[in-house]
Amino acid sequence: MRQRYFSTFQLILLAQFAALIVVAKIALRLPLQLSGHSGLFWMAIMIVATGVVPKRGAATVVGLTSAILAAFLGLGDFGALDTFLSYLAVGVGTDLILWLLGSPEQPVIAALAGALGHFAKFLVKWALAGVVGAPMGFVALGLLKAIVSYLVFGALGGLLGALTLAALRKAGFFAYLAERK
């Protein structure tokens, strides 16, 4: 019999992180009027998820699950397809960066993974704007501000995630998880 890549326990943990991302998107709104500011919360959750379940593909599972939940709940500004692809891109982008750079417990790597994973969401939104025929001059008008905003809030979220992982390790959470698997 073939061994599964993710255990049932790990999949349940990842699904809980995905639900937490959706809840954070709904409940934690900052009145900043900056695009991408939600990356502070959900990139922190994404980085913690990849640290708690340290396997390749963990962020993609969280991204896919949160994409399904968010699209079903009608989150997002531009419809279900945009929401689904945006959430999925965050997971895939984060997985790709962590695969290239290493552990999400290192603050610099977590900040880079947060910034570039969240930037993948921006790229999806930009690409869909081009596909649906939005005037690219109009889109490019606020592009630099949006790019910087997505990168900064994603990096801050990644750093917050790394700090949370360090606190969980110090509190003995990973020893507790090792007993439960």
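Read-outs throughout are calculated quantities, based only on the coordinates presented, and are distinct from any laboratory measurement. Here the structure is a predicted model, which is why all the values come from computation and not from measurement. Cβ coordinates were reconstructed from backbone atoms using ideal geometry, including for glycine residues, and neighbour counts include every protein chain displayed.
Report, by chain and number, residues whose modeled amide H sits under 5 Å from the one on residue 103, excluding near sequence neighbours (fewer than 5 apart, same chain).
none
Run down the lysines and flag those whose C-alpha is under 18 Å from the C-alpha of residue 25, throwing out any fewer than 8 positions away in its chain.
List returned: 121, 125.
Can you tell me the 0 to 90 degree angle between the C-alpha axis of helix 39-52 and the longest principal axis of the chain, rounded to 10?
30 degrees
Using only Cα atoms and rounding to the nearest 10 degrees, what angle (0 to 90) does helix 8-27 make with the longest principal axis of the chain?
40 degrees
So how far apart, in nm, are the two label points at residue 11 and residue 163 if each is 7 Å from Cα heading toward Cβ?
Between residue 11 and residue 163, the simple spin-label model gives 3.5 nm.
Which FRET efficiency, nearest 0.05, do residue 19 and residue 144 yield, Cβ-Cβ r, R0 30 Å? Mind showing how you got there, number by number?
Numbers: r = 34 Å, r/R0 = 1.13.
Plugging the Cβ-Cβ distance into 1/(1 + (r/R0)^6) gives 0.30.
To the nearest 10 degrees, how steep is helix 80-101 against the longest Cα principal axis of the chain, on a 0 to 90 scale?
That works out to roughly 50 degrees.
Using the scaling law 2.2 N^0.38 Å as the reference, what is the normalised Cα Rg of the chain? Don't skip to the answer; put the middle values down first.
Details: Rg = 16.3 Å, N = 181, 2.2 N^0.38 = 15.9 Å.
Its radius of gyration relative to the 2.2 N^0.38 Å reference: 1.03.
Enumerate the calculated ³J(HN,Hα) couplings along region 62-74 in order (Karplus 6.51 cos²θ - 1.76 cosθ + 1.60, θ = phi - 60°), each rounded to whole Hz, writing x wherever the residue is Gly or Pro.
My calculation for region 62-74 gives 5, x, 5, 5, 5, 5, 5, 4, 5, 5, 5, 7, x Hz in order.
When the chain is treated as a GNM, springs tying every alpha-carbon pair under 10 Å, which of 98, 151, 168 comes out with the largest mean-square fluctuation?
Judging by the Gaussian network model, the answer is 168.
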